[in-house]
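Have a look at the structure below, then the notes.
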């Protein structure tokens, strides 16, 4: 995060949010060109966009006062509850992690 401009907690989170959405759009655009326009898949660009997404996720985590590990562990736990064996359409609809 040494390359992040310190804008303050609230503004850093807004910066992260806008960055995540814009980088996701750039990733999607590369996929669109491959899928809809029969262009060659630009893996180098896709990898770069994923890296940019990671950077903005790191900024969001810093703004929230957690490490990148925290949301990763939360996601893994959620998916283990939702899909105890493997993905199924039924489990995706039932969302066992939300039942309480």
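No lab work stands behind these numbers, since they all come straight from the coordinates. The structure displayed is predicted, hence computed values, not measured ones. Virtual Cβ from ideal backbone geometry, glycine too; neighbours counted across all protein chains shown.
Considering the range 34-51 alone, what residues qualify as being more than 19 Å from residue 22 (Cβ to Cβ) and surrounded by 12 or more Cβ atoms within 10 Å (Cβ to Cβ)? Answer for the range 34-51, where residues must be more than 19 Å from residue 22 (Cβ to Cβ) and surrounded by 12 or more Cβ atoms within 10 Å (Cβ to Cβ): 34, 41. Among residues of the range 7-25 being touching a residue at least 24 places away in the same chain (Cβ under 8 Å), under 12 Å from the mean Cα position of the chain (by Cα) and surrounded by fewer than 17 Cβ atoms within 10 Å (Cβ to Cβ), the one that is farthest from residue 66 (Cα to Cα) is 24.
Taken over the range 71-88, residues that are farther than 19 Å from residue 57 by Cα, in a helix (DSSP H, G or I) and touching a helix residue (DSSP H, G or I) at 6+ places or on another chain (Cβ under 7 Å) amount to 2.
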